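The values are calculated or read from the model by the stated rules, or taken from the named source; none is laboratory data. Note that the coordinates shown come from a computational prediction; the quantities given were computed from them, not determined experimentally. Please note: Cβ atoms are built from the backbone with ideal geometry, for glycine as well, and neighbour counts cover all protein chains shown. When the accessible area is computed, the model is the full protein with side chains, heavy atoms only, and any ligands, DNA or RNA have been set aside. Shrake-Rupley method; radii C 1.70, N 1.55, O 1.52, S 1.80 Å.
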Amino acid sequence: MADTPPEPPPITVVLPDDQEVTGLLHERQQTPEGWLFRVSVPAWQNTAEGAVEPAWYTVWVQAPAHVKRVEGASYDDVPTTYLKSPPSRSVREVLGPRRPTGWVLQKLDAPGPDRGVLHAPDCDEAPEGAPVLELERALDAAEKAGVRLCSLCGAAAELDPVLRGFDQAFDQGR
């Protein structure tokens, strides 16, 4: 034998003119603006034969403005749909595309003390096809005389604290 659904619990429905009518609560739905309750209130309808008979009028109403609890009624079994949280955004969506890892050494053949420049791999000034260096190799290259860090792509901002030590930034105020 199939289970029969439970009888909807009673609920007081507040009509637009502030009259209160006892109705039935069928379901609840959370929206971004609040809660909607699907309720039925007793009404009358005309039959095909011209008679008048009782009927239920079912409508969605805003809660709590248009509904009140009925003392002693249990609403635990009322079907309830909660607002789905928006899909969470990934770190990449929030921060944007990640810069390629590593560093590129641009060797300079010009006369003078400059021997090279360290760039991020996606820097507009980085030479195409140059091998990408890992951090340790990039730091070794940066410590050589005549090699400077590019300030356009952020190589200077990222590698300088590592070369000089993080503590130096705290010692400047002394």
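Structural remarks
- Odd one out for L25, checked against (1) open to solvent by 100 Å² or more (accessible area, probe 1.4 Å); (2) closer than 19 Å to Y82 by Cβ: (1)
- Pair list, Cβ < 9 Å and 6+ apart or interchain, from region 123-141 residues that are closer than 15 Å to P100 by Cα to residues that are part of a helix (DSSP H, G or I) and among the small types (G, A, S): C123/A155; L133/A141; A138/A155
- A Cβ distance below 8 Å, combined with a sequence gap of six or more or placement on separate chains, defines the contacts here; from region 90-103, residues that are at negative phi reach residues that are modelled with pLDDT under 70 and part of a helix (DSSP H, G or I) in the pairs R98/R92.
- All of (1) open to solvent by 90 Å² or more (accessible area, probe 1.4 Å); (2) in contact (Cβ under 8 Å) with a residue 24 or more places away in the chain; (3) among the polar types (S, T, N, Q) hold for Q30 with one exception: (1).
- Some residue of region 52-70 being open to solvent by less than 70 Å² (accessible area, probe 1.4 Å) and in contact with an Asp or Glu (Cβ under 9 Å, 6 or more places away or on another chain): no
- Residues of region 1-59 that are touching a strand residue (DSSP E or B) at 6+ places or on another chain (Cβ under 7 Å) and either small (G, A, S) or outside any strand (DSSP E or B) (or both): P8, P9, L15, G23, G34, S40, A43, T47, A55.
- Of the helices (runs of 4 or more DSSP H) lying entirely inside region 73-174, the ones with 1 or more residues being open to solvent by 80 Å² or more (accessible area, probe 1.4 Å) and at pLDDT 75 or above are found at 135-142, 155-164.
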